[in-house]
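Worksheet: the structure to be examined is printed underneath.
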Amino acid sequence: MTDAPAIAAPAKPSVRWPLSLIVGAGLTAVVLATALLALVWTPYDVEAVDIAAKLTAPSAAHWMGTDHFGRDVLSMIMAGAQNSLIVAFVAVGIGVAIGTPLGLTAAARGGWVDELVMRGNDLIFAFPALLLAVMITAVMGPGAINAVIAIGVFNIPVFTRVARGAAQGLWTREYVLAARTAGKSRALISIQHILPNLLSLLVVQAAIQFAVGIVAEAGLSYVGLGAQPPAPSWGRMLAEAQTMIGFAPWLAIMPGLAIFVTVLALSLTGDGLRDLFDPRVRRER
Amino acid sequence: MTVLDIRDLSLSIGSTPILKNVSLSVAPGEILGLVGESGSGKSMTALAVLGLTPPRATLTGEIRLNGQVVSNAPDAVMQQVRGRDVGIIFQEPMTALNPVMTIGDQVAETVRLHKKTSRKEALAVASAVLDRVGLPAERFPLTRYPHELSGGQRQRVAIAIAIALTPKLLIADEATTALDVTTQAQVLDLLKRLVREDGMGLILITHDLAVVAETADRLAVMKDGELVEEAPVDRIGAGMAHAYSQRLLANATHAPTRHSVPQADAAPVLQVEGLVREYGGAPALFGKAKTFRAVDQVSLSIQPGESVGLVGESGCGKSTLLRAILALETPQAGRVRVKGRDITAARGAALKSIRRDIQVVFQDPYGSFDPRWKVSDLVAENFHLLDARPSPAEARRRVDEMLDRVGLNSAAADRYPHEFSGGQRQRIAIARALITEPSVICLDEAVSALDVSVRAQVLDLLADLSDRLGLSYLFVTHDLSVVRTVTDRLLVMQAGRIVEQGETAAVFAAPSHPYTQKLLAATPDLVRNHVLEKETAG
C-alpha cells in the first residue's frame, strides 16, 4: 500500500499533446487536403499531353516541372495522392477488419484455436511483406484492387498479433472475471470489455500500417504491379523518371518527396498517438 | 547523538502542502514505527530524507543525517549519501531488483559505487552481506537471478543491498506488506537483529499498527502530512493521547456487530465436495506430463447467514479454489453446489440462474472495473444473469437503490470508477455483487488493500447487509486479523488441502494443526498483544 491519494482527484490532468502528434497530424491534414482538392481541381489536366512543353524544369507555370509528355508533375502528384491514400487506407481496413477479430478470438478461446490462428499468422509473417505483395499481384494480375488485397493480406497478421497480445493481458483482469460471473459469453466480453480497451493500440498500429501501406503501394507501382496507366501513381512516376534522372531530376525528386512527406506524416502521427495513449511514455518526457 | 534529526520539515508540490512541520528523530539502534493511512505523507517523509522528492517539490526545514544537513543538498552530494549513510527497502521486492542482474552483482554494485574496489572484492563483500541476511552462498550462490528466489528471499536481497555499506539509517517502506505472514515475521526478525548488531537506526513505515507494536521501540503517527503523535510503543496498549491514534487503533481491531445467527439446521447455501483442480505441466517426451494439484480433495459447506473465512498463504490454492467455486475454472473432480444445484455441471441458462445466487468481490478496487464503463453500467452488468432483463429505466432505479444501500448516493451512477476512492470502489463492487440478490458472496481479499478506517466501514457494511438480507460470506484472505472479527467459522488451507477448520474463536484460542499454530504465531496481533490484556484487566 503506497501513499496514493485517499480521495481520487476528480479533475483530469491537462492533456499535453505530443509534438510528434501535432506535426504529424498537421502534415497528414495537408496531404489529405491535397488529395481531396485534386478531386475537383488540379493546375493542369492530369492526362493532358503537351509535347511542346515536355521536360521543362520547375518554373512559375509548372511548379514541379513537366515530364517527357509535357504533363504537369504537380497535377500528377496531387492526383496520385488519392490513389496512394485509398490503396493504403483500404488495405489497413482489411487488416483491421480481419486481423482484429482473429486476434480477439485467439485470445478468448486459447488452446487449439489460438494455435491455429497464430501458426497461420506465422505462415504469412514468414514472407517478407513486400515480396508477398509482389507474389500476390503477380498471381492475380496487376492493378489497384489487387494491390489493395495484397497489402491488406500482410496487414492481417499485424493486427491479429497486436489484438491477441493485448487481449490476453486483459483477460486476466478482475473486471473480465467479474463479467464472466455475470454470465457473459467470451464473445460478448470480447466486444464489450476487451475491444474498447485495446482500441487505442489498434489506432496507433493503424497509423503505422498506413505509412507502411503507402510505401508498399509505391513499391508495387514501381515494379508495374500497382495502379495501371493512365491513372497517376507516385510509384510509377518514380519508375518512369529512372531513365531521365540525369537530365530531369525533378521527375524523381518530386514523387519521392511526396512519398517521404506522407510516410513521415503518418509515422509521426502513429508515434504521437502512442505517446498520447501511453501515460508511462508521456510522464518520462 | 541521533542518526536522523528532522526539524520542521514542510514540503509542498505546487501549492499543495504534502508535509507540514514534521519533526522527528531516530537514535542509533532504535526502531521507529511510522504509521498512517494512505496519503498521510509517511513515504514522502522517507523520500525527503533520501533527497528523492518529486522534481517540483519545495522543501523547508532541516534534515540532518549523522549531523550532516541533507535537506536541499545538491544531487551530487545525495548520491554519496544514499547507500552509504542511508539505505531503503521498498514494498515490492520483484520490481526493486533488476531482473537481468545476478543477486551478487546487485549487492556488489552498491559497494563499487561508493568504494574504489575491484569487482572481486566487491563480490566478496556481497557474499558476506548476503550471508548476514540469511542467504548463505552455499545454498544461494551469487549467480542466482531474482526470479529464482521467493518473495521473502528477494526482500532479503533488497535488505542486503541496503545494508551492504552498513549505513547508519535504514528505511523500510512497507517492506513486509507484500509478504506472507510467516515470511513477514522472519524478515522483521532479521531487521531487528541487524539493527541491534550494527547499532543502525530503522524507520519502519507501515500502515499496520500490529507490525509496529511487535517490532518498534517508538511509534510516530502521521495524518494528512502532520505528525500527530509520537510515543513509546507500549503506549499502544496503555492508551494513546491523540484522538486520531486512538481511532486508528480502534479501527485496526474493529469488530462489526452482527445480530443474525447462521441457520445451522437449514440446507447449506454452498457445498463443495471433494474438489480437485490440477494444472498440467509441459508435456513430457516420454510418459505422462507432470501435473500440479492446486486444490486437493477440498470439501466445505456454508449455511445460510453464515460467514466463513478461508485463510492460507500465497500459493496454497485458495484463489484456485475460489475460481472453481465461481465456475471460472473447471475442476477435474468434485462438485460445487449452490443452494443444491451443481454449478460445475451447469451450462447456458442453468448456469446463469445459479450464478445469480453466488457472486464475488475482488481484491483490487482499481482493477475490478472496466475503466471505460460508468458505475451505472458496471453495477447493472449482472442483470445479464436475469431471464427477463429490466427496462433501462427500471434497471437504473434498481442501481440507484442498490448504491444507496451500500452508502453511495445515486449521483455516483453517472461517474467513472477512477473518480472514487478505494473504499468507495469496494462499495460499488459490493453493489454489483448484490444486484441479483445472491445468497452467497465470495470476498477475495476484498478488504486487504484498504486503509484500516475504510476497512472498518466496509466490514460494518458487510455485517449490516448480512443481517438485513441473510447473506452468507466466504472471506478468502491471507490476513488472519481480517477474519478474526467477522467470521463464524474458519478454514485453514495449506498446499491445496484444508488442514484445519472450526469455530473462529476456538481456532484462534487453541489451534490444533501445526501449520495453523505457525500462522497464528507469525501474525502480528494487536488483540493478543495489547488490547486483550486491557480487556481482561477491565
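When you go through B:490, B:469, B:474, B:480 one by one, which is the residue that is of a type in the set (A, V, I, L, M, F, W, C) and without any contact (Cβ under 8 Å) to a residue 60 or more places away in the chain?
On the way: B:490 fails: without any contact (Cβ under 8 Å) to a residue 60 or more places away in the chain; B:474 fails: without any contact (Cβ under 8 Å) to a residue 60 or more places away in the chain; B:480 fails: without any contact (Cβ under 8 Å) to a residue 60 or more places away in the chain.
The conditions single out B:469.
With the requirement that a residue be among the hydroxyl-bearing types (Ser, Thr, Tyr) and part of a helix (DSSP H, G or I), what does the stretch B:385-418 give you?
Within the stretch B:385-418, the first condition is being among the hydroxyl-bearing types (Ser, Thr, Tyr), and the residues that meet it are B:391, B:410, B:416.
Passing the criteria: only B:410.
Give the residues of the stretch B:80-105 that are in contact (Cβ under 8 Å) with a residue 12 or more places away in the chain, loosely packed, with under 14 Cβ neighbours inside 10 Å and not hydrophobic (A, V, I, L, M, F, W, C), sorted by residue number.
Those that are in contact (Cβ under 8 Å) with a residue 12 or more places away in the chain, loosely packed, with under 14 Cβ neighbours inside 10 Å and not hydrophobic (A, V, I, L, M, F, W, C): B:80, B:98, B:99.
Condition check: at pLDDT 90 or above and of a type in the set (Ser, Thr, Tyr). Does residue B:481 satisfy that? Explain how you work it out, then say what you get.
Working: at pLDDT 90 or above: no; of a type in the set (Ser, Thr, Tyr): yes.
Criteria not met by residue B:481.
Got at least one residue in the stretch B:200-218 being in the same structural domain as residue B:32 (by TED's automatic domain parsing), of a type in the set (S, T, N, Q), part of a loop (DSSP other than H, G, I, E, B) and surrounded by 24 or more Cβ atoms within 10 Å (Cβ to Cβ)? Full working, then the answer.
So the first thing to find is which residues in the stretch B:200-218 are in the same structural domain as residue B:32 (by TED's automatic domain parsing), and the list is B:200-218.
Next, from what is left, pick out any that are of a type in the set (S, T, N, Q): B:206, B:215.
If we keep only those that are part of a loop (DSSP other than H, G, I, E, B) too, we end up with none.
No, the conditions are met nowhere in the stretch B:200-218.
Go through the stretch B:356-384 and give me each residue that's at the interface with another protein chain (Cβ under 8 Å from one of its Cβ atoms), part of a helix (DSSP H, G or I) and free of Cβ contacts under 8 Å to residues at least 40 places away in the same chain.
Selection gives B:384 alone.
Being in contact with a strand residue (DSSP E or B) (Cβ under 9 Å, 6 or more places away or on another chain) and over 25 Å from residue B:487 (Cα atoms) is the filter here, so list the residues in the stretch B:239-256 that pass it.
Correct list: B:240, B:241, B:242, B:243, B:244, B:245.
Can you tell me which residue among B:42, B:120 is within 28 Å of residue B:153 (Cβ to Cβ) and within 14 Å of chain A (Cβ to nearest Cβ)? Write out each step before concluding.
Numbers: B:120 fails: within 14 Å of chain A (Cβ to nearest Cβ).
Matching residue, one of B:42, B:120: B:42.
Here's a check for you: in the stretch B:324-333, which residue that is within 22 Å of residue B:443 (Cβ to Cβ) and touching a helix residue (DSSP H, G or I) at 6+ places or on another chain (Cβ under 8 Å) is farthest from the other protein chains (Cβ to nearest Cβ)? Lay out the reasoning, then the answer.
Kept after step one, since they are within 22 Å of residue B:443 (Cβ to Cβ), are these residues of the stretch B:324-333: B:324-329, B:331.
Narrowing further to those that are touching a helix residue (DSSP H, G or I) at 6+ places or on another chain (Cβ under 8 Å): B:326-329, B:331.
On the way: B:326: 6, B:327: 8, B:328: 6, B:329: 10, B:331: 16 Å.
Within the stretch B:324-333, the match that is farthest from the other protein chains (Cβ to nearest Cβ) is B:331.
Identify the single condition in (1) touching a strand residue (DSSP E or B) at 6+ places or on another chain (Cβ under 9 Å); (2) among the charged types (D, E, K, R); (3) more than 9 Å from chain A (Cβ to nearest Cβ) that residue B:405 does not satisfy, given that it satisfies every other one.
(1)
Being surrounded by 18 or more Cβ atoms within 10 Å (Cβ to Cβ), β-branched (Val, Ile, Thr) and more than 23 Å from residue B:91 (Cβ to Cβ) is the filter here; which residues of the stretch B:118-160 pass it?
B:125, the sole residue that qualifies.
Collect the residues in the stretch B:439-478 that are within 11 Å of another protein chain (Cβ to nearest Cβ), over 17 Å from residue B:368 (Cβ atoms) and not polar (S, T, N, Q), keeping them in residue-number order.
B:451, B:452, listed by residue number.
Being among the aliphatic types (A, V, I, L, M) and more than 15 Å from residue B:40 (Cβ to Cβ) is the filter here; which residues of the stretch B:2-25 pass it? First the steps, then the outcome.
So in the stretch B:2-25, the residues among the aliphatic types (A, V, I, L, M) come out as B:3-4, B:6, B:9, B:11, B:13, B:18-19, B:22, B:24.
The answer is B:3, B:4, B:6, B:13.
For the subset of the stretch B:426-438 comprising residues that are part of a helix (DSSP H, G or I) and at the interface with chain A (Cβ under 9 Å from one of its Cβ atoms), which member is surrounded by the most Cβ atoms within 10 Å (Cβ to Cβ)? Show your work before the answer.
So in the stretch B:426-438, the residues part of a helix (DSSP H, G or I) come out as B:426-434.
Narrowing the set further to residues that are at the interface with chain A (Cβ under 9 Å from one of its Cβ atoms) leaves B:429, B:432-433.
Values: B:429: 29, B:432: 27, B:433: 27.
The extreme case among them is B:429.
Could you say which residue among A:180, A:186 is over 30 Å from residue A:237 (Cα atoms), within 14 Å of another protein chain (Cβ to nearest Cβ) and free of Cβ contacts under 8 Å to residues at least 40 places away in the same chain? Give the steps one after another, and end with the answer.
Working: A:186 fails: free of Cβ contacts under 8 Å to residues at least 40 places away in the same chain.
Going through A:180, A:186 in turn, the sole match is A:180.
Would you please name the residue that is nearest to residue B:183 (Cα to Cα), looking only at residues in the stretch B:45-76 that are within 14 Å of chain A (Cβ to nearest Cβ) and assigned to a loop (DSSP other than H, G, I, E, B)? Before you say what the answer is, go through the steps one by one.
Within the stretch B:45-76, the first condition is being within 14 Å of chain A (Cβ to nearest Cβ), and the residues that meet it are B:45-48, B:52-57.
Retained after the next criterion (residues that are assigned to a loop (DSSP other than H, G, I, E, B)): B:52-56.
Values: B:52: 29, B:53: 31, B:54: 32, B:55: 36, B:56: 38 Å.
The residue in question is B:52.
Out of curiosity, is residue B:340 more than 8 Å from chain A (Cβ to nearest Cβ), at positive phi, exposed (fewer than 14 other Cβ atoms within 10 Å of the Cβ) and not basic (Lys, Arg)? So that I can check it myself, show each step before the final result.
Working: more than 8 Å from chain A (Cβ to nearest Cβ): yes; at positive phi: yes; exposed (fewer than 14 other Cβ atoms within 10 Å of the Cβ): yes; not basic (Lys, Arg): yes.
Considered against the rule, which asks whether it is more than 8 Å from chain A (Cβ to nearest Cβ), at positive phi, exposed (fewer than 14 other Cβ atoms within 10 Å of the Cβ) and not basic (Lys, Arg), residue B:340 comes out as yes.
Hand me the list of helices (runs of 4 or more DSSP H) wholly inside the stretch B:77-165 holding 2 or more residues that are at pLDDT 90 or above, within 20 Å of residue B:198 (Cα to Cα) and in contact with a strand residue (DSSP E or B) (Cβ under 8 Å, 6 or more places away or on another chain). Walk me through how you get there before you give the answer.
Values: elements: B:93-96, B:103-114, B:119-132, B:151-163.
Result: B:151-163.
For the stretch A:142-239, give me every one of the helices (runs of 4 or more DSSP H) that falls completely inside it and has 2 or more residues that are within 20 Å of the chain's Cα centre (by Cα). Working first, answer last.
Values: elements: A:144-171, A:174-181, A:186-189, A:195-222.
Hits in the stretch A:142-239: A:144-171, A:195-222.
Just one of (1) touching a residue at least 60 places away in the same chain (Cβ under 8 Å); (2) β-branched (Val, Ile, Thr); (3) in a helix (DSSP H, G or I) trips up residue B:336, so point out which.
(3)
Does the stretch A:144-154 contain at least one residue that is among the small types (Gly, Ala, Ser), out of contact with any helix residue (DSSP H, G or I) (no Cβ under 7 Å at 6 or more places or on another chain) and surrounded by fewer than 23 Cβ atoms within 10 Å (Cβ to Cβ)? Before the answer, list the steps.
First, the residues of the stretch A:144-154 that are among the small types (Gly, Ala, Ser): A:144, A:147, A:150, A:152.
Still in the running and out of contact with any helix residue (DSSP H, G or I) (no Cβ under 7 Å at 6 or more places or on another chain): none.
Among the residues of the stretch A:144-154, not one is among the small types (Gly, Ala, Ser), out of contact with any helix residue (DSSP H, G or I) (no Cβ under 7 Å at 6 or more places or on another chain) and surrounded by fewer than 23 Cβ atoms within 10 Å (Cβ to Cβ), which makes the answer no.
Within the stretch B:149-167, is even one residue closer than 20 Å to residue B:245 by Cα and within 21 Å of the chain's Cα centre (by Cα)?
Residues of the stretch B:149-167 that are closer than 20 Å to residue B:245 by Cα, as a first pass: none.
For the stretch B:149-167, residues closer than 20 Å to residue B:245 by Cα and within 21 Å of the chain's Cα centre (by Cα): absent.
Within the stretch B:148-162, can one find any residue that is farther than 28 Å from residue B:37 by Cα and in contact with a Pro (Cβ under 8 Å, 6 or more places away or on another chain)?
no
Restricting attention to the stretch B:189-245, which residues are closer than 19 Å to residue B:40 by Cα and free of Cβ contacts under 8 Å to residues at least 60 places away in the same chain?
Correct list: B:228, B:229, B:231, B:240, B:241, B:242, B:243, B:244, B:245.
Condition check ((1) more than 14 Å from every other protein chain (Cβ to nearest Cβ); (2) modelled with pLDDT under 85) across all residues:
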residue	(1), (2)
A:1	no, yes
A:9	no, yes
A:15	yes, yes
A:21	yes, no
A:28	yes, no
A:32	yes, no
A:36	yes, no
A:46	yes, yes
A:53	yes, yes
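Looking only at the stretch A:109-125, decide whether some residue is closer than 30 Å to residue A:167 by Cβ, under 21 Å from the mean Cα position of the chain (by Cα), in a helix (DSSP H, G or I) and touching a residue at least 40 places away in the same chain (Cβ under 8 Å).
Checking the stretch A:109-125: at least one residue is closer than 30 Å to residue A:167 by Cβ, under 21 Å from the mean Cα position of the chain (by Cα), in a helix (DSSP H, G or I) and touching a residue at least 40 places away in the same chain (Cβ under 8 Å).
For the stretch B:478-495, how many residues are surrounded by fewer than 23 Cβ atoms within 10 Å (Cβ to Cβ) and in a loop (DSSP other than H, G, I, E, B)?
So the count comes out to 4.
The values are calculated or read from the model by the stated rules, or taken from the named source; none is laboratory data. What you see is a predicted model; the values in this text were computed from it and never measured. As a convention, Cβ positions derive from the backbone with ideal geometry for all residues, glycine included, and neighbour counts pool all protein chains shown.
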